[in-house]
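J.: Sharing a structure, written as structure tokens. Questions coming.
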Amino acid sequence: MNAMLRYLLATSLFCFLAFGAFAPRSAQAQADVSVHGVVTDASSEAPLQDANVVLLVDGVVIAGAASDADGSYEISGIPPGDYVLSVRFVGYEQEEMQISLQPGESLTADVALRPTGFDLNAVVVSASRASEKVLDAPASISVLDTREIESVALPSSAMLLRNVTGVDMAQTGVNRYEVVLRGFNNVFTGATYVMTDYRRAAVASLGLNDYSLMPISQIDLERIEVVRGPGSALFGAGVDAGVIHFISKDPFTHPGTTVRVGGGLRNALTASLRHAGVAGGKLGYKVVADFQRANDFAFDPEDPLDAIQLGTFREEALPVDYNNHNYTLSGLLSWQPRSNVTLTANGGFSAVKTIGLSSIGTIQGEGFGYTYGQLRLDAGRFFAQAYANFNDAGDSFVYREGSVDDVVDNSTEINVQGQYDFDILDERFRFVLGAEYELTNPVTKSTVFGRNEDRDRFAETGAYLQSVVRLSPMLNATLAVRADRHDLFDGVQFSPRAALVFKPDPAHSIRATFNRAFASPGTHNLFLDFNAGAAGPLTIQARGSLDGFHFQRDAQGGLIASSMFPDIFGAPVPVGVPLGLLYSEMYGALSSIPVSDLQGLLAAQGLNIPAVLIDQFIGLLSPDGGITVTGLTPANIGYVDLNTFDIDPNSIAQDVVDVPSLEYTSSEIFEIGYKGLLGERLLVAVDGYYTRRKNFVSPLRVETPFVLVPNHDLLFGDLQAALADGIAGNETLHAALQAVGFSADDISSLIVELARPDFAAFLPENTPIAIVQPVENMVPGQLLMTYRSMGEIEYYGMDVSTELLLGDRLRVFGNLSWVSDNFFDAGELGEEEETLELSMNAPATKVKGGFAYESSGNWSVHASVRHTGGFEVRSGLYTGPVPEHTLLDVGAGYDLGDYVSGLRMNLSLFNVLDQRHREFVGSPEIGRMGLVQMTLEI
């Protein structure tokens, strides 16, 4: 791996130096006059870096410069004369002034620019793991700043993401959200790489993004960066679905005390406290506490879909506890021995009581706790950190009947990483290199990982290199690669990135990127071994697929099933109905009928047979020494919906395909994008992408098919023919029947016709009679749920967003996200297993829009509309459609500073029209939610 990194570094240097050799250099002339000054923000007085400062004569640029990090600029080497000094900076109004330069003069001209409301030059860190401007980043990025974060009352900071372009958000409870970027949502999802202050914030081991456990108090957030598309080239295997980074306020730049309290619908109550300060000029400190509670949305037993969920709950767990609350407490110490060196230690604890969905059913998080600690060093161009995340499942349990009583999870995740960035040749070439080590240690006392408890610990190691070259003042090129090694998989995975970013002027950016990303299967994908409940007399076991599963077959390759008949429960049987067994059951019923009744039934058929002969024939027809019936009617197999216990008619098949061991998911993404400011009032961003994914890991799915009773005409036709052969083979019986004028076909037809109505009612078509089990899970009567690596898919899509300033106070926004396909069948997946389906669990089209208005006085209002198209869900136990829905959110704010300094009130109503709807299968209907919050800054 070290050799590979050296090779990549050498190659990058060679290529970029070659480009750099032919890039133009500016010449400097000597002159006696100059102009210099500082460019600042007129509102905050903060310096503006990279402002474009030029001198014009009759509209022609004579000379120019860009402001430095402290906002200073200087233009020298120009002749005396009259000029127009023009200063432009993206997101600010252009400023021009007339100046006159006399021979030998050095003029000072400071310029303060007024912001227009757009911050195209926001500095972000999540796209390239280093500071860069949004327009320079080789990725599609959205940034939510402090103003957007603080202007709305929210039950959860996760709701700040609801209107962001490309975000798929499914609300499944009052404070429960499943959030992904560009599709492939799931219950218990961890697909998107979520960070808080550079630390991965997902629940240790399980990888679940539970926002109620994250230290993301709204009063402590400075900004949120959302990076659409893969990030494996820098963040490692598993980061193929984008990055969401919550960045908190620094105590040095945001000291003070903030208190927030609120309440609202569903008995909601929120309380937050932040206190930060600086001691001795070098030691910053911060304490943040957060509490939320509310009554969750409830299952309605009168609602058919809710009744299905309630019908699977065990009685001892009822009634369902819908009281939801969570709290977080965190603290931070930050030491700055020098201006460019900061050592930060922070940690926190959170706990939640909530009802939620998981891939194995509805769960009760009862005191589920989450603890973390982080040590971070920022020393100029060097960055290093170490952090650890810890779980404590408390008294959590699964509601489903037959599932494990209590869930234990004391898992740990430890991560250590270091990074260094540097530039050469007057900042023409910039490099970022780093390495990372992560150890995951699941500890569940066999309640979650069962038989795998002693082999589920693993480590991942990675190293990365990124190089950026300024090919010209308008064109940058990026090359990056990361190598990752996983304990449980052979070989090293390489994730490359290549990008070109073209900026024809400071207000516009066009980029083209290629990314190849890898996602390693999660801990639960590999090691899950969980008693997930019962389905009638059968049990359900959810298992990971580290080693795969192989179905039991005979020497000829035919499937072998396990019987569900009580007398031979679990016994090996062929996939079909043995005609001998069927006849034995039929004969038992026939022989129990009194002879006089049989005589009457035959007479009704026009057959007058003496009772003594009937009794003789019954004895000769016995399968125990009388006649032999052989043969098999082949049966179809099908899969059951574990919520309704009905066979899915679309799952009917003739054979199964073994479950292979899981592999890395690989993704190749080609993307082009544009972002720019038109007329200083309209911000437009357009991104188009094409994605090819291979070996996508499915959600948890039932892999144990049922053997189904065949078509009755076929079954009883086979039985009649086999019975006729058996009768003909018994010479005594055959002769006796011929003596009274009956053939073997006559009597077999008669017997089947007499018995068929009762047996048809007892065993209707497609009734399960056996299950097909893999040899690795041969527990009598046990259904297997597991994961598959599924085929290859291709799709393309686009994200379009606009933001318009109408005057100085009204902001209007809108965005559209569209994908070409959000549901893939076996044919599209290229899979032999005909029952395989893959859903994005997200709409093909979503549209969001709204406005925000800030008055010249103390009040503000905002509103937004979110339209989500309908989609199919395939996520563990949850399958079915989610209808389209359109939601209206409104809010208002009022600054009470005239009465109490630093006091503000915010009101928000979500789903104002109370459109009762489901955003994911298995969740209760979501209705209106409202909140009023009072915030005091001291």
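The values are calculated or read from the model by the stated rules, or taken from the named source; none is laboratory data. Values in this document were obtained by computation on a predicted structure and should not be read as measured data. Methodologically, a virtual Cβ is constructed for each residue, glycine included, from the backbone with ideal geometry; neighbour enumeration extends over all protein chains shown. We work out accessible area using only protein heavy atoms, side chains counted, and drop any ligands, DNA or RNA first. Shrake-Rupley method; radii C 1.70, N 1.55, O 1.52, S 1.80 Å.
J.: Based on the alpha-carbon gyration tensor of segment 33-113 and its eigenvalue square roots a ≥ b ≥ c, which shape applies: rounded if a/c is under 1.5, prolate if not and a/b is larger than b/c, or oblate? Present the calculation step by step, with values, prior to reporting the outcome.
T.: Details: a/c = 2.06, a/b = 1.62, b/c = 1.28.
It comes out prolate by the Cα gyration axes.
J.: Please give the contour-minus-distance gain from Leu425 to Gln605: 0.36 nm per residue of separation, less the Cα-Cα distance, rounded to one decimal in nm. It would help to have the intermediate numbers written out before the result.
T.: Details: separation 180, 0.36 × 180 = 64.80 nm, distance 10.46 nm.
Stretched out fully, the Leu425 to Gln605 stretch lengthens by 54.3 nm.
J.: How far apart, in nm, are two points set 7 Å out from the Cα along the Cα-to-Cβ line at Arg485 and at Phe851?
T.: 6.0
J.: Taking the structure as given and computing mean projected area of the Cα convex hull in nm², which label from [x] 41.3; [y] 46.3; [z] 64.1 fits?
T.: Given [x] 41.3; [y] 46.3; [z] 64.1, the structure-derived one carries the label [y].
J.: Using amide H atoms built in the peptide plane, which far-off residues or other-chain residues are under 5 Å from Met785 H to H?
T.: Gln541, Ala542, Arg543, Glu703
J.: What percent do you get for the relative contact order of the chain when only Cα pairs under 8 Å and 6+ apart count? Provide the component values of the computation, followed by the final result.
T.: Working: 2431 pairs, mean separation 96.8, N = 938.
Relative contact order for the chain comes out at 10 percent.
J.: Note down the accessible area of Arg485, probe 1.4 Å, to the nearest 10 Å².
T.: So the heavy atoms of Arg485 present about 100 Å² to solvent.
J.: Something else: Report relative contact order for segment 33-113 in percent, whole number only (criteria: Cα-Cα under 8 Å, sequence separation at least 6). The partial results should precede the final answer.
T.: Values: 196 pairs, mean separation 31.3, N = 81.
That works out to 39 percent.
J.: Continuing with this model, one more query. Could you tell me the distance between the Cα centroids of segment 562-587 and segment 129-175, to the nearest Å?
T.: Comparing the Cα centres of segment 562-587 and segment 129-175, I get a distance of 59 Å.
J.: Label points 7 Å out from Cα along the Cβ direction at Asp567 and Ile99: separation in nm?
T.: Result: 10.4 nm between the two label points.
J.: Ok, one more. In nm, what is the difference between 0.36 nm times the number of residues separating Gln915 and Ala271 and their Cα-Cα distance? Spell out each step's value before the answer.
T.: Numbers: separation 644, 0.36 × 644 = 231.84 nm, distance 2.79 nm.
So the extension gain works out to 229.0 nm.
J.: Please list, by residue number, every one of the GluC sites (Glu not before Pro) in segment 713-806 that is coil in DSSP and has at most 16 other beta-carbon atoms within 10 Å.
T.: Working: sites: Glu731, Glu753, Glu765, Glu776, Glu792, Glu794, Glu803; in loops: Glu765.
In loop regions of segment 713-806 (DSSP not H, G, I, E or B), the sparsely surrounded GluC sites (Glu not before Pro) are Glu765.
J.: Test of understanding: what is the full-extension gain from Ile618 to Leu806, defined as 0.36 nm times their sequence separation minus their Cα-Cα distance?
T.: Details: separation 188, 0.36 × 188 = 67.68 nm, distance 9.44 nm.
58.2 nm is the gain from fully extending Ile618 to Leu806.
J.: Among rounded, prolate and oblate, which fits segment 129-172 when a ≥ b ≥ c are the square roots of the eigenvalues of its C-alpha gyration tensor, a/c under 1.5 means rounded, and a/b larger than b/c means prolate?
T.: Working: a/c = 2.92, a/b = 1.64, b/c = 1.78.
Cα axes put segment 129-172 in the oblate bin.
J.: I would also like to ask the following. So how do Met214, Met474, Met97 rank on accessible area, 1.4 Å probe, biggest first, that is with the largest at the start?
T.: Details: Met214 5, Met474 85, Met97 55 Å².
Accessible-area ranking of Met214, Met474, Met97, largest first: Met474, Met97, Met214.
J.: Whenever you get a sec, line up Asp725, Asp50 from highest to lowest accessible area (probe 1.4 Å, protein heavy atoms).
T.: Of Asp725, Asp50, the descending order of accessible area is Asp725, Asp50.
J.: If each of Asp50 and Tyr894 carries a label point 7 Å out from its Cα toward its Cβ, how far apart are those two points in nm?
T.: Roughly 4.2 nm, to one decimal.
J.: Further question on the same structure: At 1.4 Å probe size, put Leu913, Leu723 in order of accessible surface, largest to smallest.
T.: Leu913, Leu723
J.: Now, a different point. As an exercise, identify the GluC sites (Glu not before Pro) in segment 427-503 lying in DSSP coil whose Cβ has no more than 10 other Cβ atoms within 10 Å.
T.: Loop-located and lightly packed - Glu427.
J.: Under 14 Å from the 7 Å Cα→Cβ point of Arg756, by amide nitrogen: which residues of segment 688-709?
T.: Within reach of a label on Arg756, which here means backbone N under 14 Å from a point 7 Å along Cα→Cβ, segment 688-709 contributes nothing.
J.: For segment 747-790 and segment 365-421, what is the separation of their Cα centres, given in Å?
T.: 45
J.: Cα-based Rg of segment 593-722 per 2.2 N^0.38 Å, rounded to two decimals?
T.: Numbers: Rg = 32.0 Å, N = 130, 2.2 N^0.38 = 14.0 Å.
Rounded to two decimals, the normalised Rg is 2.29.
J.: At a Förster radius of 56 Å, what calculated FRET efficiency corresponds to the Cβ-Cβ distance of Arg553 and Thr886, to the nearest 0.05?
T.: It comes out at approximately 0.65.
J.: A follow-up question, please. Any chance you could count the Lys pairs in the chain whose alpha carbons are under 16 Å apart, treating pairs 8 or more apart or on different chains as valid? Walk me through the intermediate numbers first.
T.: Values: Lys133/Lys503; Lys133/Lys675; Lys249/Lys286; Lys503/Lys675.
Eligible lysine pairs with Cα atoms under 16 Å apart amount to 4.
J.: So, taking all protein chains as they sit and a 1.4 Å probe, how much accessible area belongs to Ile424, in Å² rounded to tens?
T.: Ile424 has an accessible surface of roughly 50 Å² with all protein chains in place.
J.: Averaged per residue, what accessible area in Å² does segment 33-113 show with a 1.4 Å probe, protein chains only? Before the final figure, lay out each step's value.
T.: Working: 3880 Å² over 81 residues.
On a per-residue basis, 48 Å².
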